[in-house]
Amino acid sequence: MTPKIARYLAEQSPATPCLVVDVDRVEERYRALRDALPLARIYYAVKANPAREILTRLVGLGSAFDAASWEEISMCLDAGARPADVSFGNTVKKASNIARAFAAGVDMFAFDCAEELEKLARHAPGSRVYCRLIVENEGADWPLSRKFGTTLDNARDLMLRARDLGLDPYGLSFHVGSQQTATGAYEAAIARVGMLFTDLKAAGLDLRMVNLGGGFPIRYRDDVPGIDSFALAISHAMTEHFGNDLPEMIVEPGRFIVGDAGVVSSEVVLVSRRGIDDGVRWVYLDIGRFGGLAETEGEAIRYGIRTPHDGAATGPVAIAGPTCDGADIMYEKTPYALPLDLESGDRIELLSTGAYVSTYCSTGFNGLKPIQEHYI
Ligand SMILES: *Cc1c(COP(=O)(O)O)cnc(C)c1O
């Protein structure tokens, strides 16, 4: 938690549940990534947190944007982004969305199948297209694996097809999975891309770009390798597989840029035992899986928690949300210990919740109000 957020929570005591994001911290993270990987252009993955304040700050810093829908594209343009700096990176796009994006001046699109390529040829003729490869997501706490991407063989055919359809076969992309903690995942993916890239250039295509996706991890409860380790692994792998003739490089970070810039403030609704003799207290918060903490599914993302009683004796807990849904449990298997003094009415903080919380928040499960957001 940044000092600015701590001060804001102490002085304002905003109604809970709420998300407080320190936009200066977003800028710091953007600069850290840019310094670590100076050869790559940053396309911020808008879905991680599309708040106007964040987009505006990033536009000012010269960032480009990875958008997944016309609505996200339009948020970027409204925040001052140039259409040429927006990539329509979803491989699954409505035809009407493609047409609107193209009309607005967006000319870079992702695809992973012939069907999508045909839509692009029809609704965004002549534009730059890049093919997404399926790569291993091992090592990622939040894998994206099988839903997107195609095989090397198929990608080769598709890129040649793109040229025949009058599109500009611009490059190749992959995503190693979100919260990827293994630098080797990037090295392995770059090796795959490198092979196909060389092969397609030999076949006469004017390929210019490699999109390394997002996935860079942040610290939740466990340490993760620093951004320099990822930058080093990527630079080595790029040099090994592309030699001196490096293509344009793109990265699409989401979590890395905004994750640790945000804190959720939440009220403890109840601490109970209910006579179930497993020694575990149940802590119910006023935010849960449907209020924005969707990444706790499978207990995949494990947020750090601060309480007003930190330092006092603790005991094991299960942590759940406020709705009447049995799936609305954040942590039951992961060992969490919270102070024995914790009680109903206490305000606690969930740390590093700047990414993938406001966007996952449902708008009214059980009549609960969606999370309030404060950008400071
Ligand atoms: C979600 C997404 C990202 C951002 O991933 P992070 O793990 O948050 O960095 C980047 N690119 C694409 C295509 C995505 O779908």
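For a quick check of your reading of the model, give me the residue pairs whose first member lies in the range 170-181 and is over 16 Å from ARG128 (Cα atoms) and part of a strand (DSSP E or B), whose second is near the ligand (Cβ under 7 Å from one of its atoms) and modelled with pLDDT of 95 or more, with beta-carbon atoms closer than 7 Å and at least 6 apart or on different chains.
Within 7 Å, the pairs are SER178/GLY214; SER178/GLY215; SER178/ARG255; GLN179/ARG255; GLN180/GLY215.
Residues that are more than 16 Å from the ligand (Cβ to nearest atom) and small (Gly, Ala, Ser): list the strands (runs of 3 or more DSSP E) wholly contained in the range 310-376 that include at least 3 such residues. Break it down stepwise before answering.
Numbers: elements: 314-320, 329-339, 347-350, 372-375.
The strands (runs of 3 or more DSSP E) meeting that bar are 314-320.
From ALA189, ALA162, ALA155, which residue is within 16 Å of the ligand (Cβ to nearest atom), closer than 19 Å to ARG128 by Cα and either modelled with pLDDT under 95 or assigned to a helix (DSSP H, G or I) (or both)? Steps first, answer last, please.
Working: ALA189 fails: closer than 19 Å to ARG128 by Cα; ALA162 fails: within 16 Å of the ligand (Cβ to nearest atom).
Going through ALA189, ALA162, ALA155 in turn, just one is within 16 Å of the ligand (Cβ to nearest atom), closer than 19 Å to ARG128 by Cα and either modelled with pLDDT under 95 or assigned to a helix (DSSP H, G or I) (or both): ALA155.
Has the range 70-84 got at least one residue that is in contact (Cβ under 8 Å) with a residue 60 or more places away in the chain and either assigned to a helix (DSSP H, G or I) or closer than 29 Å to LEU246 by Cα (or both)? Steps first, please.
Pass one, the range 70-84, residues in contact (Cβ under 8 Å) with a residue 60 or more places away in the chain: none.
For the range 70-84, residues in contact (Cβ under 8 Å) with a residue 60 or more places away in the chain and either assigned to a helix (DSSP H, G or I) or closer than 29 Å to LEU246 by Cα (or both): absent.
Which of the residues spanning the range 165-184 are within 16 Å of the ligand (Cβ to nearest atom) and over 22 Å from ARG208 (Cα atoms)? Break it down into steps so the answer makes sense when it comes.
Applying the first criterion (within 16 Å of the ligand (Cβ to nearest atom)) to the range 165-184 yields 170-183.
Selection gives GLY177, SER178, GLN179, GLN180, THR181, ALA182, THR183.
When you check ARG122 against the structure, is it in the same structural domain as GLY177 (by TED's automatic domain parsing), more than 16 Å from the ligand (Cβ to nearest atom), surrounded by fewer than 18 Cβ atoms within 10 Å (Cβ to Cβ) and basic (Lys, Arg), yes or no?
Working: in the same structural domain as GLY177 (by TED's automatic domain parsing): yes; more than 16 Å from the ligand (Cβ to nearest atom): yes; surrounded by fewer than 18 Cβ atoms within 10 Å (Cβ to Cβ): yes; basic (Lys, Arg): yes.
It is true that ARG122 is in the same structural domain as GLY177 (by TED's automatic domain parsing), more than 16 Å from the ligand (Cβ to nearest atom), surrounded by fewer than 18 Cβ atoms within 10 Å (Cβ to Cβ) and basic (Lys, Arg).
Name the one entry in ALA68, ALA81, ALA40, ALA48 that is within 29 Å of ILE98 (Cα to Cα), over 17 Å from the mean Cα position of the chain (by Cα), aliphatic (A, V, I, L, M) and within 14 Å of the ligand (Cβ to nearest atom). Spell out how you get there, then give the answer.
Values: ALA68 fails: over 17 Å from the mean Cα position of the chain (by Cα); ALA81 fails: within 14 Å of the ligand (Cβ to nearest atom); ALA48 fails: over 17 Å from the mean Cα position of the chain (by Cα).
Just one listed residue meets the conditions, ALA40.
When you look at GLY345, is it farther than 25 Å from SER13 by Cα and loosely packed, with under 15 Cβ neighbours inside 10 Å, yes or no?
Numbers: farther than 25 Å from SER13 by Cα: no; loosely packed, with under 15 Cβ neighbours inside 10 Å: yes.
No, not satisfied.
The values are calculated or read from the model by the stated rules, or taken from the named source; none is laboratory data. These numbers come from a predicted model, not from an experiment. Cβ sites come from the backbone with ideal geometry, for glycine too, and all protein chains shown count toward neighbours.
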